[in-house]
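The structure appears right after this line, and notes come after that.
Since every read-out is calculated from the coordinates, none of them should be taken as a lab result. Computed from a prediction, not measured in an experiment: that's the story for all the values here. Please note: Cβ atoms are built from the backbone with ideal geometry, for glycine as well, and neighbour counts cover all protein chains shown.
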Amino acid sequence: MRRIPVALEEGLAVACMALLVLITLGNVVTRYLTDESFAWTEEISVFLMVVMTLAGAAAAAARDRHVRIEFFYEGGSAARRRRLALFAACAAGLVFVVLAALFARVVADEIRYGETSMGLGVPRWWFTVFSPLLCAAVALRSFAFAWQVARDGPPQPEAGDGGGAR
């Protein structure tokens, strides 16, 4: 996974955030000027938030920036940090493999039953098809980090990191 730059996930997350800001701003201005709201913006906003969250989770997994309790992690030996980092990365990877499988079932059901969105009237799988792919990306990033830890040991805190919650 080192060959695929983390900037890919980060760029996707930033693009989603920028689109969310533009859509929300447009909806607020329209509502202020006309007392009407665009119902379809809700569907697109939810989709963008899910994509942004999963893309950010993949980037966090690649950089070992998921939330953890530093007291337990940094309070032990290098062997303990290695075991905890391996456990956390593998557990996260397994959780996202399960999520990818469950989201894939959701997408399959939406295609099978022809579900459409309420606001836009488009097939719902257009929105959900990215969820299993991004969950798989988080799992791959987690397992790649676990492999790196198993091979090289846990990364050292960056200068100026100061520990604390990540």
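Selection among 44, 129, 147 by position relative to the dipole of the chain gives 147 as farthest towards the positive end (Cβ unit charges, Cα centre). With the simple model of a label 7 Å out from the Cα in the direction of the Cβ, residue 15 to residue 71 spans 4.2 nm. Multiplying each eigenvalue of the alpha-carbon gyration tensor of the chain by 5 and taking the square root yields semi-axes of 37, 21, 12 Å, largest first, rounded to whole angstroms. Mean separation of Cα pairs under 8 Å and 6 or more residues apart, divided by the residue count, gives the chain a relative contact order of 30 percent.
On the basis of the beta-carbon distance and an R0 of 22 Å, residue 42 and residue 108 show a calculated FRET efficiency of 0.35. Put a dot 7 Å past the Cα of residue 22, heading toward its Cβ, do the same for residue 35, and the two dots end up 3.0 nm apart. What the Cβ-Cβ distance of residue 129 and residue 95 gives, at R0 = 22 Å and to the nearest 0.05, is a FRET efficiency of 0.60.
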